[in-house]
Amino acid sequence: MLRAAIVEADYVYSEYLNGLLLRWAGGRAELMVSVFVNGEELADSLTKMSEYDIVFMDVSSGQTDGILASKRLRETGYQNLLVLTSAFPDRACEGYSVNAYRYYVKPVMPEQIKECMDYALSQKTGRYFQYTYRRVTERIAFSDIIYFESIQHYIDIHTTEGSVRMKGTLREVQKQCPANFLRCQRSYIVNMDCVLLKRGSQLKLVSGKEINIAPRYLKSVTDAMGI
């Protein structure tokens with residue numbers, strides 16, 4: 001599911017933007033949209049900064065300046081997409097100070113929403129490993145995965161929260177994985193961000209697991225660690 005936030009004091013315009021978002025999502029993605037009157041209200045409501053995949057921020061929402069509210073979001077840890085909107089074009093340069101993905105002059109057009117949401121969706125799917133087992137589809141954040149282990153016709157996914165099992169092959173798994181996931185032997189793919197140390201041809205992971213590196217994979221693993 002994608003989660004979007006609209007920060008807009010004008011009720012009519014927030015409804016217009018909400019309609020564009022829901023029209024984009026129709027049949028393409030599951031989408032939840034939350035509307036806030038100003039950026040302070042948004043920041044105060046967050047339990048975790050990754051809660052929203054994309055935020056549409058009016059730069060003059062309510063009593064709080066949108067640029068200042070955006071800075072607060074960034075300072076408190078929000079790293080996902082931020083799109084600034086305004087009735088005037090003269091504040092576009094300020095978007096650089098908050099690492100805004102786009103700055104749009106109102107009214108935002110459907111094709112602009114499509115461009116932003118298509119990118120948000122690609123970012124979302126790229127952050128998760130997705131698998132189906134026993135007719136149930138699950139997603140796990142790659143950042144939570146320590147390593148994949150092949151056991152006969154199954155794959156055990158070892159995460160920071162425990163392990164889950166799926167049916168498949170490491171070759172299929174590798175196709176989904178980002179560049180920091182490397183094959184280190186026939187039965188293992190390791191998240192290199194979870195490696196504590198390399199001793200000779202052995203890796204020690206944050207979970208305490210030790211895995212031997214097969215000779216054919218030794219160079220790629222060594223290069224990845226910058227050794």
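Here, each number is a calculation from the coordinates, and none is a lab measurement. Values in this document were obtained by computation on a predicted structure and should not be read as measured data. Neighbour counts are summed over all protein chains in view; Cβ atoms, including those assigned to glycine, are modelled from backbone coordinates with ideal geometry.
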Checklist line | Ellipsoid equivalent to the range 53-160 - semi-axes via the Cα gyration tensor, in Å | finding: 38, 16, 10
Notebook entry, point to check: Between Val164 and Ser201, what is the FRET efficiency for a Förster distance of 22 Å, r being their Cβ-Cβ separation, to the nearest 0.05?
Noted result: 0.20
Check: So what's the angle, to the nearest 10 degrees on a 0 to 90 scale, between helix 66-75 and the longest Cα principal axis of the chain?
Finding: 20
Check: How far is helix 110-126 tilted, in degrees, relative to the longest principal axis of the Cα atoms in the chain, given as a value from 0 to 90 rounded to the nearest 10?
Finding: 20
Item checked: Cα-projected label distance for Asp156 with Asn180, points at 7 Å along beta-carbon direction, nm -> 2.4
Next item on the list: With a cut-off of at most 11 other beta carbons within 10 Å, and DSSP calling the residue loop, which GluC sites (Glu not before Pro) in the range 1-34 qualify? Please list them.
Entry: Glu30
Notebook entry, point to check: How far, in degrees from 0 to 90, does helix 215-224 lean away from the longest principal axis of the Cα atoms of the chain, to the nearest 10?
Noted result: 30
Notebook entry, point to check: Taking Cα centroids, how far is the range 1-22 from the range 117-182 in Å?
Noted result: 32
Item checked: Under 5 Å, built H, 5+ apart or other chain: amide partners of Ile213 -> Gln202, Leu203
Next item on the list: Report the antiparallel proportion of the DSSP beta bridges in the chain as a percent, rounded to a multiple of 5.
Entry: 65
Next item on the list: Only Cα pairs under 8 Å and at least 6 apart count here; give the relative contact order of the chain as a rounded whole percent.
Entry: 11
